[in-house]
1. Can you give me the number of residues within region A:40-56 that are on the phi < 0 side of the Ramachandran plot and without any contact (Cβ under 8 Å) to a residue 12 or more places away in the chain?
2. Kindly indicate whether any position in region A:205-217 is facing chain B (nearest Cβ under 8 Å) and buried (at least 22 other Cβ atoms within 10 Å of the Cβ).
3. Do the conditions hold for B:A96, that is, is it in a helix (DSSP H, G or I) and within 15 Å of the chain's Cα centre (by Cα)?
4. Kindly establish whether B:I34 is at the interface with chain A (Cβ under 9 Å from one of its Cβ atoms), in contact with a Lys or Arg (Cβ under 9 Å, 6 or more places away or on another chain) and of a type in the set (A, V, I, L, M).
5. Being closer than 11 Å to B:F98 by Cβ and of a type in the set (S, T, Y) is the filter here, so list the residues in region A:79-94 that pass it.
6. Picking from A:L145, A:L195, A:L166, which residue would you name as being without any contact (Cβ under 8 Å) to a residue 24 or more places away in the chain and part of a helix (DSSP H, G or I)?
7. Kindly provide the set of residues from region B:121-155 that are among the small types (G, A, S) and within 12 Å of chain A (Cβ to nearest Cβ), ordered by number.
8. Is it the case that some residue within region B:108-120 is closer than 22 Å to A:Q318 by Cβ and within 11 Å of chain A (Cβ to nearest Cβ)?
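The values are calculated or read from the model by the stated rules, or taken from the named source; none is laboratory data. Owing to the predicted nature of the structure, the values given are computational and were not obtained by experimental measurement. Ideal geometry is used to build each Cβ from the backbone, glycine not excepted, and the neighbour counts take in all protein chains shown.
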Amino acid sequence: MSTSLTTPEQDPDLNAPLGGVSLTAGQLPRGAAPATLVAAGLAGLLLWLLADWAIVPCALLAAAAYVVIVYTWSRAVEGPRKATDRFVTAAVSGAFLLALLPLVSVIVTVVSRGVVRFDAEFFSYSMVGVSGEGGGIYHAMMGTLIITGLAALISVPIGMLTAIYLVEYGRGKLAKAITFFVDVMTGIPSIVAGLFAYALFVMIFGPGVRMGFAGAVALSVLMIPTVVRSTEEMLKLVPNELREASYALAVPKWRTIVKVVLPTALAGIATGVTLAIARVIGETAPLLVTAGLTDGDNFDPFEGRMTTLSVFSYYEYQSPGLFAEAAYDRAWGAALVLMIIVMVLNLVARAISKLFAPKTR
Amino acid sequence: MASTTEAPPRKNRVPRRPGDRIFAGVSTGSGVLILVALAGVAVFLVTEAWPALTASAEEIPGGEGLVLYIWPLLFGTLISAVLALVIAVPLAVAIALFITHYAPRSIARALGYIIDLLAAVPSIIFGLWGMNVLAPITVDPASWLSEHLGWIPFFAGPPSSTGRTMFVAILVLAVMVLPIITAVVREAFMQTPQLHQEAALAIGATRWEMIRMAALPFGRSSIIGASMLGLGRALGETMAVAMVLSASGGVSLNLISSDNPPTIAANIALQFPESSGIAINTLIASGLVLFAITLAVNMIARAVINRRKDFDGAN
């Protein structure tokens, strides 16, 4: 910065501290910004209640008023640099609040519309012979559990072993290639994974094949990379001293991994696996292509179509039939069940990582 | 498990135990299996798409050949993903900044979880929400836009009466990729060297100037990489677009009318259950195009992010 030694036009009052200039000169009074915010909010509220405007323009107007007032006021008193800072603060906080809007809206909508069908019949009946009201999602819930369970059964061993390879054994080009392609695999669109499983099973069983196991294979393609990534991160956190101590006692490498490394990282791995399950349990597109839809109970993943919650919800909405309202209610009910499952899985994952984290002392 | 191998230990070397061999073999095998699976995705898609690639133009649905069938879909995919990114990236960077630099330390973690929660919502729920809540809201603003800003090709109109337009699909996509971008960018901002930030503050920078001088340059390649990741996700998003977008038409920049092309992924989801024969092969061929594009986008994204990792070592 250039020299900012300005010579005051009057002689400073040498008796007063700091030459008579107040310590708080060049600053907005304390609480100015919050007060402006409250005032702008109140004005918006008044517009909404009294002038009968819609709530969204009122909120936007209040926010804009706050930004304009604080910026100009601060620019006049504090100068452009501080004013820009205040402007960015307001914009960044506003962006965060804006992102909360869809989240809140989604949760409120799904809960309020889904709770209509939360009765005993909904959870204990399938859709056989149901054309109007009633009917349930028992078959869809079982299908979701079976397919996701199979997918986990395939992905967890492969994913964990790959992560062990990458952390404990992997050197050179192969390890680099695997790391890179696991990352790339994370981004495979879910519909492409579904098409892959379909193409694979068509070669074995002929065109038009639909079975639950094909859905599980499609989900595995989506699940394996997440399991590998999270397990790898956790294994890397295991201190090398533990491994070296084990080697020093002449324990073979594989027993070191099984008895020392894995138990230490277990909580983190379990968290990662739970999050991976939560990610694939809500998938629709790959199951639409591979597992299809059926009205009745089918709990055999190797034979015939199998309904899952997400596909059920989609079809109830896309082709509701004659009694549309009842079908819509079922669609929202299934969506709410799905969301509860996903949220519970997320909470369980956090709880696992909190409760079973390795004790550092 | 395979039987133990009997290769004799070489002289002057510690003998490797059978357990070690098996374990190393199995874990290496899993790693290789992943590479094989990825190659398998490509191979199976190509084999199943082959009949459509070699078929004559009349046999393809629409009767104008494969390229003309896929091109509008590809256009719809690209325009929806890119515009969703245009909305999501600035918001995501701002949210990441809010969590790392503006929010009080004690609640910053919780705020991060809340944004992560957005990523956990299944896409079918975003689809239901988009067509029932978001689409009706946009009807009035869309007609206002076409009336006053109709000279911009995006808002040419006539506005759709259901609101289930490309515009809403873009908004839903933006909401869906927001948490993904935020998560990566947040990580990068958190790793901004404390010394750089304190140095900036010590020479009298305001908080915004500190962020511009220290945090943003440090996070720049992460922002680029995260945007590419988000682009990959937006390109492949299926159900939300399939449910929100009720439109069929050719290539058009018009976002608020009802004649937009669907996206590749949404088209597959909508057509697949009712298709058979060559139509299925055509859909798989379009899936192959999508796979190639997302693969390229993701490889670039990872390369950008990894380059920053290498650079990190210097700090």
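1. 10
2. no
3. No; evaluated as a whole, the condition is false for this residue.
4. On the way: at the interface with chain A (Cβ under 9 Å from one of its Cβ atoms): yes; in contact with a Lys or Arg (Cβ under 9 Å, 6 or more places away or on another chain): no; of a type in the set (A, V, I, L, M): yes.
In short, no.
5. A:T89, A:S93
6. Values: A:L195 fails: without any contact (Cβ under 8 Å) to a residue 24 or more places away in the chain; A:L166 fails: without any contact (Cβ under 8 Å) to a residue 24 or more places away in the chain.
The conditions single out A:L145.
7. Looking only at region B:121-155, we keep the residues that are among the small types (G, A, S), and these are B:123, B:127, B:130, B:135, B:142-143, B:146, B:150.
Listed by number, the residues that qualify are B:S123, B:G127, B:G130.
8. Quick first cut of region B:108-120, residues closer than 22 Å to A:Q318 by Cβ only: none.
No: zero hits.
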